[in-house]
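Visitor: Pasting a structure below so you can have a look.
The values are calculated or read from the model by the stated rules, or taken from the named source; none is laboratory data. Everything numeric in this text was worked out from a predicted model, so none of it was measured. Every residue, glycine among them, receives a Cβ derived from its backbone with ideal geometry; neighbour counts consider all protein chains shown. The protein model used for the area step is the full one, side chains on, heavy atoms only, and it has no ligands, DNA or RNA in it. Shrake-Rupley method; radii C 1.70, N 1.55, O 1.52, S 1.80 Å.
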Amino acid sequence: MRKASQAAERLYLLANLLYEPDLATCQAAVTEFGLAVAPEEILRAYWQTFVNPVGPRLRPVESLFKPWTTFADCQLPLARQKGWLGGDSAAHLRSLYAALGLEVPPGLAHTPDHLALELTLLGLLLEHGTPEMRATFRSQHLDWLPDLQARAAELDVPAVYQQVLELCARAVAPEE
Amino acid sequence: MSSITRRRFLKTGLTTAALLAAAPVLDMRTWAASQEQARVEVVPTLCNGCSSHCGMLAHVKNGRLWKITGHPDHGRSQGKLCARAHGAAFWLYDPDRLAGPLKREGDHFVPIDWEQALDEIAAKLEAVLAAHGPGAVFFAHNPRATGAFYGTRFMHALGAPTTMTHNASCNTSLILAYQAVFGTTPGADLANSKYIMLIGRNPAEGIQTGYSAALARAIEKGAKLVVVDPRHNASAAIATEWVPIRPGTDLALLLAMMNVMIAENLYDAGFVAEHTVGFEELAAAVREYSPAWAAPITDIPATTIARLARELAAARPNCVVDPGWKGGFGANYANGTETARAVGAINALLGNLNKPGGLTFYGAPKLGKLPADKAPDPPKPTLPRGDGAGIAGEFPLAPTAQGLPHVAARKAREGKLRAGIVRHHNPVRNFPDPEHMMAGMRALDLLVVIDTHMTETARLAHYVLPEPSFLEREEVVEAIPGRKGTVCMRTRVVPKLLENTRTFDEIIVALARRMGVGEYFNFTLDELNSARLQPLGITLEELKARGSIQVETPVVEGMPKLKTPSGKVEFVSERFAKAGFNAVPGWIPPRVMPEPARPNSFRLIHGKQGYHSHTSTANIPYLLQITRDHNAERLWMNAGRAAALGIKDGDLVWVRSSLASRQVRVKVTERLHPEAVYIPSGYGNFSPGLTRANGFGLSMNDLVPFQTEPMSGHAMMMEVVVEVEPAGA
Ligand code: SF4
């Protein structure tokens with residue numbers, strides 16, 4: 001139990017690094033993960049990686065890395081393409097949060113499948129769910145991290161965030 | 001593990017019991033099975049793939065867009081949509097969309113909340129008004145009902161006289177010219193025409209679905225289609241005859257055809273006598289413009305010119321010289337306005353006004369207004385405009401409903417304009433000379449851009465305010481002219497995906513309240529729309545449910561009532577004469593010409609492709625892929641000229657003008673006049689916020705200098721000579 005809640009805490013910390021981190025979060029991450037950068041540097045890297053509104057930025061959102069829908073009756077030209085918001089994964093998680101009574105922060109409302117939310121949900125499943133639930137969730141919603149990491153490398157995002165994504169990938173790996 | 005309390009993004013009192021209860025939904029397969037069953041709803045709205053705003057039916061399942069089709073009851077779409085509409089649907093789910101308001105800090109943007117952004121904008125606008133007066137403030141937009149109503153009303157409430165549109169890069173010439181000749185801009189009844197002459201217009205690529213369909217119908221019915229264009233465009237591909245004219249000389253062709261019609265008594269003398277003024281002056285003016293005179297100017301044999309004139313006249317009145325749009329003469333040459341006046345005049349000689357297959361003068365359904373006692377209009381500003389349009393000594397004839405954004409940029413550089421609001425409009429990319437346009441925007445004390453994407457203009461703003469996409473917002477009721485008019489509106493077809501966006505009317509009302517002019521906005525959008533519909537006996541609920549409704553408009557059979565000073569067709573314009581221009585159309589040469597002695601000297605012309613709307617759609621991968629698949633961004637060059645320069649198909653070349661040098665690959669073709677090179681107009685985005693279009697292709701605007709046509713003030717976008725030379729591999 002203690003081990004599960006520790007693992008969940010690590011997931012929450014990683015989630016915090018992926019959406020509007022504050023200095024305390026960055027400091028905690030430096031300590032927890034032994035990151036070799038100053039917390040202030042993480043804040044700067046966060047802005048450059050995820051916020052910069054005029055440049056290409058990394059969007060850690062599942063929909064963008066999967067075909068928009070697998071429903072055969074959708075006739076939009078984007079139906080089978082990757083790269084679009086609001087795909088099946090977003091629609092599914094939106095329904096799931098509603099069913100579980102989970103409230104999403106306003107800034108993430110349009111991306112229910114943002115990695116920060118998915119890590120948080122995995123943490124909740126660690127604390128309250130069953131191994132089967134986690135296995136289902138991992139296989140259906142956390143199988144896109146290698147693509148995200150490849151995109152981060154392609155965009156040449158600051159090293160600290162490439163490292164954070166690697167930590168995320170490890171944290172979501174199947175349980176032994 | 002640090003004991004620090006971290007934010008939990010999913011606020012919860014989650015328990016294992018709750019999780020177990022929800023376990024089936026946790027599995028995506030179970031969820032998918034439940035979704036499958038849902039009904040597909042059909043929600044009517046308006047397309048935004050271009051400014052035509054065709055009627056669209058959005059098919060929506062589980063709150064997600066599932067498919068789009070054309071609305072059968074909209075006069076433009078008539079049940080059809082073009083490729084761009086299917087591309088525009090991508091905008092809804094586009095990760096490039098602006099997700100929240102932004103404020104400039106130094107050379108970058110930071111997120112800001114709405115209330116603070118609006119407070120700051122209002123305060124800065126107040127400061128500009130206090131220091132420089134309302135003459136220093138402008139609003140610029142792509143003119144459709146919502147912007148025209150809320151934007152103009154807001155400017156009037158502030159006493160600001162300068163509202164501008166994109167038209168000075170599009171069709172200002174026509175608007176001015178047809179105002180002079182007919183008192184309004186006519187349409188054309190292509191479907192019933194026996195003989196159609198398109199001068200520079202290209203409905204097969206400059207698509208308005210209904211108009212393109214009408215051309216196809218005319219051809220099916222056996223109409224003769226003559227395409228006068230330096231380029232063998234997609235309309236020429238279905239034409240009876242392509243007349244490859246020297247670019248910039250359409251006016252000479254028209255003057256010479258009128259010469260023939262008058263000299264050979266082929267014109268409609270009855271119509272001319274009864275419904276026109278100034279015929280004698282026109283006849284005297286065109287006497288010198290014989291086909292033999294026009295032949296060396298236009299590069300069209302005199303016999304062809306005379307034949308075309310005779311053929312047209314033989315088909316009268318069921319024939320038309322298309323009134324055009326941008327192509328040929330809308331905003332392209334020094335003689336653009338004069339050319340459009342000549343198009344007006346030749347149609348009048350053919351006596352085709354309101355005749356089947358001729359020019360049309362349809363009205364639009366007459367919309368109502370808010371009750372004056374409850375929502376009085378602000379007074380019209382009395383100050384002179386800030387962009388020179390309608391101003392003596394500047395551009396006295398320039399249509400003030402459109403204005404001159406490129407001149408406004410100069411005025412901003414001179415410190416005369418100080419603050420602007422720009423909505424759904426990208427003058428920095430879509431007017432010539434980006435350095436000039438950017439310098440103008442940068443010189444402003446306040447630039448607010450309201451858009452869905454980080455355009456080239458938005459990049460320079462002090463505040464960027466995001467609107468929901470067109471599929472997530474409701475707008476002001478529109479009325480479309482036609483034999484049967486259409487009343488229609490944009491409705492919200494899916495819930496807002498990006499919560500932190502606000503519609504234009506919400507933004508304007510919020511600013512107006514902060515600036516003490518809220519009294520002019522004391523109504524809701526629903527109340528406004530209900531008032532607009534009131535005279536038509538249609539309720540807002542009904543229109544929201546149906547989206548587009550056809551209504552009978554009073555159709556004048558026979559001669560339309562014209563709003564010219566004389567009430568007749570005016571071959572001669574006192575207004576033009578007073579402003580120092582020709583009273584009747586006469587020859588005006590293009591401003592620049594390629595140098596015949598230089599083998600690498602060309603005129604750079606441009607035009608639309610059927611799958612892009614200027615530079616607003618290049619960021620849609622579905623449409624951009626069409627370009628990539630066909631190498632369609634290339635510069636067209638005549639095969640003979642290319643051979644002489646040693647340039648082969650696909651070669652990279654330098655294109656240099658007095659303004660800039662750019663590289664592009666060449667398409668070698670027989671389908672272009674030898675003196676021109678042609679570039680499609682939909683590329684050359686340079687905003688990194690448009691992640692897919694950024695850096696793709698070339699825009700003619702990079703090479704065209706800032707300049708103004710003397711009559712209407714338009715941007716003369718084809719008055720540019722370039723030198724082309726191989727750039728190596
Ligand atoms: S012409 Fe095409 S893009 Fe333009 S409004 Fe109509 S369907 Fe949409």
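Visitor: Given (1) of a type outside the set (Val, Ile, Thr); (2) surrounded by fewer than 17 Cβ atoms within 10 Å (Cβ to Cβ); (3) under 18 Å from residue B:234 (Cα atoms), where does residue B:612 come up short, assuming only one miss?
Guide: Condition not satisfied by residue B:612: (2).
Visitor: Keeping to region A:121-138, report how many residues are open to solvent by less than 30 Å² (accessible area, probe 1.4 Å), at the interface with another protein chain (Cβ under 7 Å from one of its Cβ atoms) and assigned to a helix (DSSP H, G or I).
Guide: Residues in region A:121-138 being open to solvent by less than 30 Å² (accessible area, probe 1.4 Å), at the interface with another protein chain (Cβ under 7 Å from one of its Cβ atoms) and assigned to a helix (DSSP H, G or I): 4 in total.
Visitor: Same structure, new question: Could you please find all residues in region B:99-116 being in contact with a strand residue (DSSP E or B) (Cβ under 9 Å, 6 or more places away or on another chain) and free of Cβ contacts under 8 Å to residues at least 40 places away in the same chain?
Guide: If the condition is that a residue be in contact with a strand residue (DSSP E or B) (Cβ under 9 Å, 6 or more places away or on another chain) and free of Cβ contacts under 8 Å to residues at least 40 places away in the same chain, then B:110, B:111, B:116 are the ones that fit.
Visitor: Only one of B:572, B:551, B:487, B:493 is within 14 Å of another protein chain (Cβ to nearest Cβ) and in contact with a helix residue (DSSP H, G or I) (Cβ under 7 Å, 6 or more places away or on another chain). Can you tell me which? Steps first, answer last, please.
Guide: Numbers: B:572 fails: within 14 Å of another protein chain (Cβ to nearest Cβ); B:551 fails: within 14 Å of another protein chain (Cβ to nearest Cβ); B:487 fails: within 14 Å of another protein chain (Cβ to nearest Cβ).
Being within 14 Å of another protein chain (Cβ to nearest Cβ) and in contact with a helix residue (DSSP H, G or I) (Cβ under 7 Å, 6 or more places away or on another chain) holds for just one of B:572, B:551, B:487, B:493, which is B:493.
Visitor: Go through (1) within 16 Å of the ligand (Cβ to nearest atom); (2) closer than 22 Å to residue B:616 by Cβ; (3) among the aliphatic types (A, V, I, L, M) and name the single condition residue B:99 misses.
Guide: Failing condition for residue B:99: (1).
Visitor: Let me ask something else about it. Out of all the residues in region B:533-572, which are under 30 Å from residue B:333 (Cα atoms) and out of contact with any Pro (no Cβ under 9 Å at 6 or more places or on another chain)?
Guide: Answer for region B:533-572, where residues must be under 30 Å from residue B:333 (Cα atoms) and out of contact with any Pro (no Cβ under 9 Å at 6 or more places or on another chain): B:562, B:563, B:564, B:565, B:566, B:567, B:568, B:569, B:570, B:572.
Visitor: Name the single residue that is nearest to the chain's Cα centre (by Cα) among those in region A:118-147 being under 15 Å from residue B:18 (Cβ atoms) and touching a residue at least 40 places away in the same chain (Cβ under 8 Å).
Guide: The initial filter retains those residues of region A:118-147 that are under 15 Å from residue B:18 (Cβ atoms), namely A:121, A:124-125, A:127-130, A:133.
Narrowing the set further to residues that are touching a residue at least 40 places away in the same chain (Cβ under 8 Å) leaves A:124, A:127.
Working: A:124: 14, A:127: 18 Å.
Ranking the qualifying residues of region A:118-147, first place goes to A:124.
Visitor: Here's another thing I want to ask about it. If a residue has to be more than 8 Å from chain B (Cβ to nearest Cβ) and either in contact with a Gly (Cβ under 6 Å, 6 or more places away or on another chain) or assigned to a helix (DSSP H, G or I) (or both) to count, how many in region A:139-149 make the cut?
Guide: First, the residues of region A:139-149 that are more than 8 Å from chain B (Cβ to nearest Cβ): A:139, A:142-149.
Next, from what is left, pick out any that are either in contact with a Gly (Cβ under 6 Å, 6 or more places away or on another chain) or assigned to a helix (DSSP H, G or I) (or both): A:139, A:145-149.
Summing the residues that are more than 8 Å from chain B (Cβ to nearest Cβ) and either in contact with a Gly (Cβ under 6 Å, 6 or more places away or on another chain) or assigned to a helix (DSSP H, G or I) (or both) in region A:139-149 gives 6.
Visitor: Taking the criterion of being outside the structural domain of residue B:676 (by TED's automatic domain parsing), more than 29 Å from the chain's Cα centre (by Cα), crowded, with 24+ Cβ neighbours inside 10 Å and in contact (Cβ under 8 Å) with a residue 40 or more places away in the chain, would at least one residue in region B:314-332 satisfy it?
Guide: Applying the first criterion (outside the structural domain of residue B:676 (by TED's automatic domain parsing)) to region B:314-332 yields B:314-332.
Subset that is more than 29 Å from the chain's Cα centre (by Cα): B:314-317.
Right, trim to crowded, with 24+ Cβ neighbours inside 10 Å and you get none.
Scanning region B:314-332 turns up no residue that is outside the structural domain of residue B:676 (by TED's automatic domain parsing), more than 29 Å from the chain's Cα centre (by Cα), crowded, with 24+ Cβ neighbours inside 10 Å and in contact (Cβ under 8 Å) with a residue 40 or more places away in the chain.
Visitor: Just to check your reading of the model, which residue among B:62, B:48 is within 13 Å of the ligand (Cβ to nearest atom), of a type in the set (S, T, N, Q) and at pLDDT 95 or above?
Guide: B:48
Visitor: Using the structure shown, decide if residue B:583 is more than 28 Å from residue B:674 (Cβ to Cβ), open to solvent by 20 Å² or more (accessible area, probe 1.4 Å) and at pLDDT 95 or above.
Guide: yes
Visitor: Also: Output yes when any residue across region B:249-267 is on the phi > 0 side of the Ramachandran plot, open to solvent by less than 10 Å² (accessible area, probe 1.4 Å) and in contact with a Pro (Cβ under 6 Å, 6 or more places away or on another chain), and no when none is. Talk me through it step by step, then tell me what you get.
Guide: Filtering region B:249-267 down to residues on the phi > 0 side of the Ramachandran plot leaves B:265.
Restricting the remaining residues to those that are open to solvent by less than 10 Å² (accessible area, probe 1.4 Å) gives none.
No: zero hits.
Visitor: Quick check on residue B:114: is it under 23 Å from residue A:81 (Cα atoms), open to solvent by less than 50 Å² (accessible area, probe 1.4 Å) and away from the ligand (no atom under 12 Å from the Cβ)?
Guide: On the way: under 23 Å from residue A:81 (Cα atoms): no; open to solvent by less than 50 Å² (accessible area, probe 1.4 Å): yes; away from the ligand (no atom under 12 Å from the Cβ): yes.
So residue B:114 does not fit the description; no.
Visitor: Can you pull out the residues in region B:82-96 that are part of a loop (DSSP other than H, G, I, E, B) and either open to solvent by less than 10 Å² (accessible area, probe 1.4 Å) or farther than 26 Å from residue B:72 by Cα (or both)? Step through it out loud before you land on a result.
Guide: Quick first cut of region B:82-96, residues part of a loop (DSSP other than H, G, I, E, B) only: B:82, B:94-96.
Those that are part of a loop (DSSP other than H, G, I, E, B) and either open to solvent by less than 10 Å² (accessible area, probe 1.4 Å) or farther than 26 Å from residue B:72 by Cα (or both): B:94, B:95, B:96.
Visitor: Restricting attention to region B:596-609, and to residues there that are more than 16 Å from the chain's Cα centre (by Cα) and surrounded by 18 or more Cβ atoms within 10 Å (Cβ to Cβ), which single residue is nearest to the ligand (Cβ to nearest atom)? Steps first, answer last, please.
Guide: Of region B:596-609, the ones more than 16 Å from the chain's Cα centre (by Cα) are B:596-605.
Cutting the leftovers down to surrounded by 18 or more Cβ atoms within 10 Å (Cβ to Cβ) gives us B:600, B:602-605.
Values: B:600: 37, B:602: 31, B:603: 29, B:604: 26, B:605: 23 Å.
Per the criteria, the residue is B:605.
Visitor: Among the helices (runs of 4 or more DSSP H) lying completely within region B:117-232, list those that include at least 2 residues that are surrounded by fewer than 19 Cβ atoms within 10 Å (Cβ to Cβ), without any contact (Cβ under 8 Å) to a residue 40 or more places away in the chain and assigned by TED's automatic domain parsing to the domain that holds residue B:351.
Guide: B:209-220
Visitor: So which residues in region B:617-646 are open to solvent by less than 10 Å² (accessible area, probe 1.4 Å) and either among the aliphatic types (A, V, I, L, M) or within 30 Å of residue B:595 (Cα to Cα) (or both)?
Guide: If the condition is that a residue be open to solvent by less than 10 Å² (accessible area, probe 1.4 Å) and either among the aliphatic types (A, V, I, L, M) or within 30 Å of residue B:595 (Cα to Cα) (or both), then B:618, B:620, B:623, B:624, B:635, B:637, B:642 are the ones that fit.
Visitor: Something else now. Considering region B:219-276 alone, what residues qualify as being farther than 21 Å from residue B:352 by Cα and among the aromatic types (Phe, Trp, Tyr)?
Guide: If the condition is that a residue be farther than 21 Å from residue B:352 by Cα and among the aromatic types (Phe, Trp, Tyr), then B:242 is the only one that fits.
Visitor: I need a count of the residues in region B:453-476 that are part of a helix (DSSP H, G or I) and open to solvent by less than 10 Å² (accessible area, probe 1.4 Å).
Guide: The qualifying residues number 4.
Visitor: Would you mind finding the one in B:489, B:559, B:593 that is among the aliphatic types (A, V, I, L, M) and crowded, with 18+ Cβ neighbours inside 10 Å?
Guide: B:489
Visitor: Being open to solvent by 10 Å² or more (accessible area, probe 1.4 Å) and under 25 Å from residue B:109 (Cβ atoms) narrows it down to one residue among A:32, A:20; which is it?
Guide: Testing whether each residue is open to solvent by 10 Å² or more (accessible area, probe 1.4 Å) and under 25 Å from residue B:109 (Cβ atoms) leaves just A:20.
Visitor: Do we find that residue B:481 is more than 11 Å from chain A (Cβ to nearest Cβ) and in contact with a strand residue (DSSP E or B) (Cβ under 8 Å, 6 or more places away or on another chain) in this structure?
Guide: yes
Visitor: While we're on this one: So for region A:71-85 (the condition being on the phi > 0 side of the Ramachandran plot, of a type outside the set (A, V, I, L, M, F, W, C), more than 7 Å from chain B (Cβ to nearest Cβ) and surrounded by fewer than 19 Cβ atoms within 10 Å (Cβ to Cβ)), does at least one residue qualify?
Guide: No; the residues of region A:71-85 include none that is on the phi > 0 side of the Ramachandran plot, of a type outside the set (A, V, I, L, M, F, W, C), more than 7 Å from chain B (Cβ to nearest Cβ) and surrounded by fewer than 19 Cβ atoms within 10 Å (Cβ to Cβ).
Visitor: Across region B:70-80, which residue is most open to solvent (accessible area, probe 1.4 Å) among those that are modelled with pLDDT under 95 and either in the same structural domain as residue B:213 (by TED's automatic domain parsing) or near the ligand (Cβ under 8 Å from one of its atoms) (or both)?
Guide: B:80
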